Amino acid sequence: MERSWPDWLILYSLGNRRFYAIATWFTPEPVVVEDDTAEGLEERMRHLAPRYGHAAVPHDRAA
């Protein structure tokens, strides 16, 4: 997932059993999303990125 979303730092918490993504581009405030599944995390990232004027499609899937 990190290769598909290079503008996000992707983390997994073993203790919480949740995926986290932190935007690595400049934003006025930290942008963090979380979900129980990798698929759910990607969906949240896809919806949140455009709010900050950023591409909402993973780099390797963009055509």
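Enter the accessible area per residue of the chain (Å², integer; probe 1.4 Å; all protein chains in place). Could the numbers behind the result be given before it?
Values: 4370 Å² over 63 residues.
Each residue of the chain exposes 69 Å² on average to a 1.4 Å probe.
Filter the trypsin sites (Lys or Arg not before Pro) in segment 1-38 to those in DSSP coil with at most 11 other Cβ atoms within 10 Å of their Cβ, and list the result.
Details: sites: R3, R17, R18; in loops: R3, R17.
Filter output for segment 1-38: R3, R17.
With each pseudo-label sitting 7 Å past Cα toward Cβ, what's the T27-L14 distance in nm, one decimal?
2.8 nm
Looking at segment 1-34, which chymotrypsin sites (Phe, Trp or Tyr not before Pro) are DSSP coil and have at most 10 other C-beta atoms within 10 Å of their C-beta?
Details: sites: W8, Y12, F19, Y20, W25, F26; in loops: W25, F26.
Those that pass, being in a loop and sparsely packed, are F26.
Take E39, E34 and sort them by solvent-accessible surface of the protein heavy atoms, 1.4 Å probe, largest at the top. Display every interim value, and only then the final one.
Values: E39 130, E34 75 Å².
From most accessible down to least: E39, E34.
If I compute Cα extents along the principal axes in Å from the structure I just sent, which labelled value in (1) 33, 28, 17; (2) 33, 31, 21; (3) 48, 19, 10 lines up?
Recomputing Cα extents along the principal axes in Å here gives the entry labelled (1).
Under the 0.36 nm per residue contour assumption, what length would be gained going from the current alpha-carbon distance of R51 and E34 to full extension? Mind dumping the intermediate values first?
On the way: separation 17, 0.36 × 17 = 6.12 nm, distance 1.65 nm.
Result: 4.5 nm gained on full extension.
Run the numbers for E43 and S4: contour at 0.36 nm per residue of separation, minus the present Cα-Cα distance, in nm.
12.7 nm
The values are calculated or read from the model by the stated rules, or taken from the named source; none is laboratory data. The structure presented is a predicted model; accordingly, all values stated were derived computationally and were not measured. With ideal geometry, Cβ positions are generated from the backbone for all residues, glycine too; neighbour counts draw on all protein chains shown. Ligands, DNA and RNA are excluded from the accessible area calculation, which covers all protein heavy atoms including side chains. Shrake-Rupley method; radii C 1.70, N 1.55, O 1.52, S 1.80 Å.
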